[in-house]
Each structure stands twice: as structure tokens, then as C-alpha cells.
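Comments concern the structure below.
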Amino acid sequence: MGVQRVVGLVGLGLVGQALGRRLRAQGWRTIGYDTCPEARDAFATAGGEAADDLRTIGRSCDEVVLAVFDTRGVIDVLESDDGLLAAAHRVAGVIDCSTGAPDELEQLAGRLRARGIDFIESPLSGSSEQIGAGEAVALLGGEGEAISRHADLISSLATQRIHVGAAGAGARAKLATNLVLGLNRAVLAEGMAFAQALGIEPALFLQLVLSTPARSAAAAVKGPLMVARDFAPRSRVRQHLKDVELMLAAAKQAGIGLPFSEIHARLMREGVAAGEGDLDNAAILLRLLKNPDA
């Protein structure tokens, strides 16, 4: 029997827990860390090994997968005084599965390259359920040689992988595709609210959408949740709002407008203010209904 492959995992929220399940199913030994003790406990209960701090992972793992909230979190995990790389470590490759700020990630990759550490973006397009099942699409940003060096781990994260360019390109690709995905959900919710106002039951409306050219993957996945008003998180409103804020900032820098995304961001900000930030993205429906409690 060969030596079991080991990987570190930092960030044990919805995505991190799903990645842990996916990697263990692929035969990896997973060592995970999160600032939240409850998240570490859940990781251990599911079959992973919980670390008490980042340095433990740095000393134990050649490869580390990050599933933290944003780029500030990625930089803190790697470069803070208590971070993965602050003391003696064995980390040779970092796979970042977050959706972050492209320019900052490009700069971070350069700093790590100077230290002999590969940095590869691998934002995942899909819900936590799809990630856990290996059905998400990995949008890879990084040098081809670095990706080849960590091909075993990367192939374990997702069965579908697209190399979109150098570091920073992964985040740019994820933001562009997430823009379309998010607006698909929002338009479905608006249509459902409109149909309900006209006296069409939500289940019948969804059947119509899925049977006509209006069909989309977003409708197939999120539509049943909207009909059932099941907003238990598979993904979160506040997470997508973070992404849309990044889209708007990037669009401003590029000199273009995103009018639909401006409206989408406003609706999600209202949802977060109303306490809906940790609900599933399908909860955008609540912002569009005349009577959300009906």
C-alpha cells in the first residue's frame, strides 16, 4: 500500500467542508483549519483532522487548498505573522478556491513565486453540493508548469477544469461567469414573483420555464428551492454580494457599466440588511415578492 496523500485545507465553511468530503472520497488525508471552533469540530466529525493553527498545516503539508471568504483572507492566511508561511514550513503549492480580486492575486502569485511556492487559482463554479460531488468547474489561473506539478490534487478537486491564463485570470473568469449565473437567478426570481402576482402558482411557473427556451441551469437548480421556499444555504447571499461588488469595481476600472448588476447588488444589500445574508442565493426571491410571507 502506498503512502496516503495529504493536503491542508484552510477555510471550513460550506465550500471548505464540501472540498474536504470530495478530497477524502478521492483518497486524500485532509488536515483542516478554520478560525471557528465549530467548523473545525464539524470537519473532524466528518472524517478530517482538525489543526489548532495555521502553522501546524504549514509544517504538515506540501500542498494547501484555500477556501476563505476573500482575497484579504487569502493574504492573511499566507503572509500574516501567524500565517502558513510565517515559520518553518514545507508548503510548495497553494491552490486558492476563493473568488477574489484579480490584481491582488496576480501580485500575490509573484511574491510567492519569489519564495519558490506555486500559487494556482482554482475558483469553482458550482454550489457546495456540486463541489462535494465533483460536479463544479475549476477555472484555473496560473503557470502551466505549476499546474502540472499539482495536477494530482487539482484533478481531485473537480472533474471539469479549464485553464484560463496566468494568476489573476481565474478570478476574472469566475467574476464574468458568476455575473451571468447570478443574474439568471435574479431574473428567475423576478419572473416567479411576477407570475405569482398574476395568479400563476410558483410550481406551475417553474414547469413552464423548464419546458421552454427560458430554461437555464440556474432555474433547474434554484427554481425548486424558490418554489419550496427552502433557503437553507448551499451558497450564501453575502458571498455572492461580495462577488458582485468585485465585478462592479472591475467594470469601473475597465470603463464599462453593469446596469443589471448594479440593481442586483442593491437587492442583495437590502437582503443582507434584512438579515438574509446567510440564506441561500435562492433567497433573492424574497426581495422581489409583494408579500414574502405569503
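Sequence gap at least 6, Cα distance under 8 Å: using those rules, report the relative contact order of the chain to the nearest whole percent.
Rounded, it is 13 percent for the chain.
How high is the relative contact order of the stretch 41-143, in percent, with contacts defined as C-alpha pairs under 8 Å that are six or more residues apart?
Result for the stretch 41-143 is 22 percent.
Could you tell me the distance between the Cα centroids of the stretch 28-96 and the stretch 104-179, to the nearest Å?
Between the Cα centres of the stretch 28-96 and the stretch 104-179 lies a distance of 17 Å.
Could you work out [θ]222 nm for the chain from helices alone, using -39500 (n - 2.57) per DSSP H run of at least four and dividing by all its residues? Round to the nearest 500 deg cm²/dmol.
Dividing the helical sum by the residues of the chain leaves -16000 deg cm²/dmol.
Please identify the helices of the chain, taking whole runs of DSSP H, that span at least 15 Å along their own axis as judged from the Cα atoms and have a mean Kyte-Doolittle score of 0.0 or higher.
Qualifying helices, which must be both long enough and hydrophobic enough, are 14-25, 169-197, 217-228.
Keeping all protein chains in position, work out how much accessible area Met226 exposes to a 1.4 Å probe, and write it in Å² to the nearest 10.
Here the residue's solvent-accessible area equals roughly 0 Å².
Given [x] 1.00; [y] 1.16; [z] 0.96, which label gives Rg/Rh (Cα atoms, Kirkwood Rh) as computed from the coordinates?
Correct label is [x].
To the nearest 20 Debye, how big is the dipole of the chain about its Cα centre, given +1 on the beta carbon of each Lys and Arg and -1 on that of each Asp and Glu?
540
For the chain, what is the percent of antiparallel DSSP beta bridges, rounded to the nearest 5?
10
Can you find, among Ala219, Leu208, Gln239, the residue farthest towards the positive end of the dipole of the stretch 199-245? Put +1 on the C-beta of Lys and Arg, -1 on that of Asp and Glu.
Of the options given, the answer is Gln239.
Based on DSSP, what percent of beta bridges with both residues in the stretch 120-265 are antiparallel, to the nearest 5?
Details: 3 of 8 bridges.
In the stretch 120-265, approximately 40 percent of DSSP beta bridges are antiparallel ones.
I need the P(r) histogram for the stretch 9-162: all alpha carbon pairs, bin width 5 Å from 0 out to the longest distance, whole percents.
Percent of Cα pairs in each bin: 2, 10, 21, 25, 23, 14, 5, 0.
Return the lysines within reach of Lys222: Cα separation strictly under 27 angstrom, same-chain partners fewer than 8 residues apart disregarded; answer none if there are no such residues.
Counting by Cα, and skipping residues close in sequence, Lys222 has these lysines nearby: Lys174, Lys242, Lys290.
Counting only protein heavy atoms, what percent of the accessible surface of the chain is carbon or sulfur at a 1.4 Å probe?
Details: 7280 of 13420 Å².
After summing per-atom areas, the C and S share lands at 54 percent.
Report the full-extension gain for the segment Ile200 to Asp152: residue separation times 0.36 nm, less the Cα-Cα distance, to one decimal in nm.
12.3 nm
The values are calculated or read from the model by the stated rules, or taken from the named source; none is laboratory data. Keep in mind it's a predicted model, so treat the numbers as computed, not measured. Backbone-built Cβ (ideal geometry, glycine too); neighbour counts: all protein chains shown. Side chains included, ligands, DNA and RNA excluded: accessible areas come from the protein's heavy atoms. Shrake-Rupley method; radii C 1.70, N 1.55, O 1.52, S 1.80 Å.
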